[in-house]
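Readers should treat all values here as calculations from the given coordinates under stated rules, not as data from a laboratory. In this text the structure is predicted, and so the values were computed from the model without any measurement. Positions of Cβ are backbone-derived with ideal geometry, glycine not excepted, and every protein chain shown enters the neighbour counts.
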Amino acid sequence: MREAGSPIVLSLEQALSLPYGTLRFVHLGWRVIRIESTPVPGRISSGDPNRYIGHPVAGEDRHSYYVAPNVGKEAITLNLKEEEGRRALLRMIAELEVDVFCTNTMPARHKELGIDYETLRSARKNLIWCSISAMGIDYPDVPGYDPVTQALCGFMDLTGEREGPPIQCGPPLTDLKSGDEVFAQVLLAMLERERTGRGKLIDVSLAHSAVSWLQTFTPLLDMGSSPDELRRNGNKHRQFIPVNAYPTTDGFIYIAIGSDAQWSRLIAQPMFEKLDQSRFRTNEDRRSTQDDLHAEIGELTSVHDVGDVAEVLEDASIPHSRITPIEDVPGLPFVKQSALQTVAPDGRVIRLPPPAVPVAHLEAINRTLPFPPGYGEHTDAVLAEAGFSADELESLRARGVIV
């Protein structure tokens, strides 16, 4: 499945942020080898905790939450608390000519595990090294967790009903945004290395990634907006009126009016002509009367089904959508035509989200990626490729450096 001569990524990864980031390299046909810790005495599970979250899919070490971000990868075990494990890591980086090393281990542990940039680049001078952590390597002791980052960076203050409590976003946005940053920054470093021959240290922070998305929020505080104007507002847009979810006889429809021209087209439709009132003429007029306006639109849509309302909005070229239940999303035509898949050991086909943009490599393999690896599945094969003999592997296993 991996393209010959493609880059090699060695990743000490767990949870979601980094596995999602390295998944994007899998999409390109790169080789991704994930490193997991050896068993810890007294702990029931081994390696990535996400292996054991959700429904069992393939044995005890591959549960449902682990599957999607880890398709197409290889998996090895290595005890980096032991000197032999740290030496083995350096040997792998040199012998396999690893291009990129990634980790989402807390920065405070980098030195003791021998995975800091200076240590690893001693094995390969042009190594690209990338870390994801809660707040970056300048804050080495801060643990990272998506909902906590959402709380810290204001996302929860922006999400939920106006009079309700703060709520986290549904998807783990800060994890996924940070994974995308790994992808983008490593590609940039690869391009720079082509020109300079030098590697690079990349420091990705969940918090900085999250705050970088507040483009339509924090700058407005310096341009006349009060905090209350920016805070959570339910399904309504804070600036463009009307934008909201409205009831129908068989669900909800989301309508987004982004200009006065669109508003004029809406009220020209017989279903909405009652809204042709002077108090609703401009966006600023509609802002000052928005509570009445939202209520009136809801009264109009609530006596029709979603299909009838959607047909009217389509005729008027108004952005809109039915609120799609999550179970129906894989069946959306644009999703079906680009979705990926993997096949479980028992033969089940598991649908995976499509990549953000089409990737030629994925089309060449019929958008099917190998099922994610079991715990330590490729340890012997990868270490043998790095030059470890059978006797050395047996010795490492006997001392608990690998399993």
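I'd like the trypsin sites (Lys or Arg not before Pro) in the stretch 111-166 restricted to DSSP loop residues with at most 11 other Cβ atoms within 10 Å, sorted by number. Each step should come with its number before you reach the end.
On the way: sites: LYS111, ARG121, ARG124, LYS125, ARG162; in loops: ARG124, LYS125, ARG162.
Here the sparse-neighbourhood loop sites are LYS125, ARG162.
What FRET efficiency, computed as 1/(1 + (r/R0)^6) with R0 = 41 Å and r the Cβ-Cβ distance, is obtained for SER45 and GLU163, rounded to the nearest 0.05?
Numbers: r = 42 Å, r/R0 = 1.02.
Efficiency, rounded to the nearest 0.05: 0.50.
Report ³J(HN,Hα) in whole Hz for each residue of the stretch 278-284, in order, from the Karplus equation J = 6.51 cos²θ - 1.76 cosθ + 1.60 where θ = phi - 60°; Gly and Pro get x.
Each residue's phi maps through the Karplus curve to give 4, 6, 10, 5, 10, 4, 5 Hz.
Non-local amide H neighbours of ALA75 (under 5 Å, H modeled in plane, Pro and chain starts lacking H): which ones?
It is ARG34, GLU377, HIS378, by chain and number.
FRET efficiency for THR119 and VAL343, Cβ-Cβ distance as r, R0 = 41 Å, nearest 0.05?
Values: r = 39 Å, r/R0 = 0.95.
Plugging the Cβ-Cβ distance into 1/(1 + (r/R0)^6) gives 0.55.
When ILE365, ILE255 are ordered from fewest to most other Cβ atoms inside 10 Å of their Cβ, what list results?
By the 10 Å Cβ count, ascending: ILE365, ILE255.
Rounded, prolate or oblate for the stretch 196-346? Axes are the square roots of the Cα gyration tensor eigenvalues, ordered a ≥ b ≥ c, and the cut-off for rounded is a/c under 1.5. Please list the in-between numbers first.
Numbers: a/c = 2.58, a/b = 1.30, b/c = 1.98.
Oblate.
Do any trypsin sites (Lys or Arg not before Pro) in the stretch 285-375 lie in a loop, going by DSSP, with at most 15 other beta-carbon atoms within 10 Å of their beta carbon, and if so which?
Details: sites: ARG286, ARG287, ARG322, LYS336, ARG348, ARG351, ARG367; in loops: ARG348, ARG367.
When the trypsin sites (Lys or Arg not before Pro) of the stretch 285-375 are filtered for loop state and at most 15 Cβ neighbours within 10 Å, ARG348 remain.
Among the DSSP beta bridges whose two residues both lie in the chain, what percent are antiparallel, rounded to the nearest 5?
Numbers: 14 of 38 bridges.
Here the share of antiparallel DSSP bridges comes out near 35 percent.
Report the gain in length on full extension from ASP328 to ASP305: 0.36 nm times residue separation, minus Cα-Cα distance, nm rounded to one decimal. The partial results should precede the final answer.
Details: separation 23, 0.36 × 23 = 8.28 nm, distance 1.79 nm.
The span from ASP328 to ASP305 would gain 6.5 nm if fully extended.
Near the amide H of THR248, under 5 Å away, which other amide H atoms are found, from residues 5 or more places off or on another chain, if H is placed in the peptide plane?
ILE253
Roughly how many Å is it from the Cα centre of the stretch 362-403 to that of the stretch 72-115, as a whole number?
Distance between centres, Cα-based: 14 Å.
Between (1) 48, 24, 19; (2) 38, 22, 20; (3) 43, 23, 19, which entry matches semi-axes √(5λ) of the Cα gyration tensor in Å as derived from the coordinates of this structure?
After the calculation, the listed value that fits is (1).
For the pair THR289 and THR196, how long in nm is the line joining their label points, each one 7 Å along Cα→Cβ?
Distance between the two pseudo-spin positions: 5.9 nm.
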